[in-house]
1. Does at least one position in the range 19-26 carry a residue that is free of Cβ contacts under 8 Å to residues at least 60 places away in the same chain, more than 22 Å from ALA103 (Cβ to Cβ) and either surrounded by 12 or more Cβ atoms within 10 Å (Cβ to Cβ) or β-branched (Val, Ile, Thr) (or both)?
2. In the range 102-124, how many are surrounded by 11 or more Cβ atoms within 10 Å (Cβ to Cβ), in contact (Cβ under 8 Å) with a residue 12 or more places away in the chain and over 15 Å from the mean Cα position of the chain (by Cα)?
3. If ASP50 satisfies every condition in (1) closer than 21 Å to LYS115 by Cβ; (2) touching a residue at least 40 places away in the same chain (Cβ under 8 Å); (3) within 13 Å of the chain's Cα centre (by Cα) but one, which is the exception?
4. Please specify each residue of the range 51-63 satisfying the condition of being surrounded by 12 or more Cβ atoms within 10 Å (Cβ to Cβ) and either out of contact with any helix residue (DSSP H, G or I) (no Cβ under 9 Å at 6 or more places or on another chain) or not in a helix (DSSP H, G or I) (or both).
5. Which condition number does LYS99 fail, the rest of (1) over 16 Å from ILE13 (Cα atoms); (2) of a type outside the set (S, T, N, Q); (3) assigned to a loop (DSSP other than H, G, I, E, B); (4) in contact (Cβ under 8 Å) with a residue 12 or more places away in the chain being met?
Amino acid sequence: MHMLIYEDNDIYIEKHESEIPWLKIFTKEPYKELGDVPQELRTRLWKIYDVVEYEMKHYYKPKKINMASFSNMLPRVHIHAMARFEQDSYFPNPMWGEKLRDANLKLPDEKNFHKRVFNALQNV
């Protein structure tokens with residue numbers, strides 16, 4: 001089951017189960033390609049990504065934020081935002097890559113992060 005972090009008429013955000021903070025931003029309409037998304041909604045999608053990245057960066061203080069949008073397995077527009085840490089199991093590899101170590105991350109409470117994201121998106 002996916003945990004919903006945010007939802008409005010056009011967009012929803014889910015938490016991806018992982019050792020790292022990882023959110024997925026979806027358009028409600030299942031557009032196949034980013035170019036299929038109407039311009040106004042596409043602009044808003046990037047504004048929402050900017051908010052998620054900002055909150056992730058400032059709350060968790062990761063080494064890097066990864067952004068991905070493959071959409072091969074799930075052929076619809078969605079953007080992954082992942083906070084990466086040198087101590088995570090895969091760094092510097094992608095989260096879909098080879099596991100390099102067992103992580104023992106001590107991260108701040110994710111519920112507070114989710115609240116920050118939700119609150120920051122109220123006017124976007």
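A short reminder: the numbers here are calculations on the coordinates, not readings from a lab. In this text, all values refer to a predicted model and were calculated from it rather than measured experimentally. Glycine also receives a Cβ, built like all others from the backbone with ideal geometry; neighbour counts cover every protein chain displayed.
1. First, the residues of the range 19-26 that are free of Cβ contacts under 8 Å to residues at least 60 places away in the same chain: 24-26.
Right, trim to more than 22 Å from ALA103 (Cβ to Cβ) and you get 25-26.
Among the residues that remain, those that are also either surrounded by 12 or more Cβ atoms within 10 Å (Cβ to Cβ) or β-branched (Val, Ile, Thr) (or both) are: 25-26.
Checked the range 19-26: at least one residue is free of Cβ contacts under 8 Å to residues at least 60 places away in the same chain, more than 22 Å from ALA103 (Cβ to Cβ) and either surrounded by 12 or more Cβ atoms within 10 Å (Cβ to Cβ) or β-branched (Val, Ile, Thr) (or both).
2. From the range 102-124, those surrounded by 11 or more Cβ atoms within 10 Å (Cβ to Cβ) are 103, 105, 107-108, 110, 113-121, 124; that's our starting set.
Cutting the leftovers down to in contact (Cβ under 8 Å) with a residue 12 or more places away in the chain gives us 103, 105, 107-108, 110, 113-114, 116-118, 120-121, 124.
The next check asks that each one be over 15 Å from the mean Cα position of the chain (by Cα); those that pass are 103, 105, 107-108, 124.
Of the residues in the range 102-124, 5 are surrounded by 11 or more Cβ atoms within 10 Å (Cβ to Cβ), in contact (Cβ under 8 Å) with a residue 12 or more places away in the chain and over 15 Å from the mean Cα position of the chain (by Cα).
3. (2)
4. Filtering the range 51-63 for residues surrounded by 12 or more Cβ atoms within 10 Å (Cβ to Cβ) gives 51-57, 59-60, 62-63.
Passing the criteria: GLU53, LYS57, PRO62, LYS63.
5. Tallying (1) over 16 Å from ILE13 (Cα atoms); (2) of a type outside the set (S, T, N, Q); (3) assigned to a loop (DSSP other than H, G, I, E, B); (4) in contact (Cβ under 8 Å) with a residue 12 or more places away in the chain, LYS99 fails exactly one: (4).
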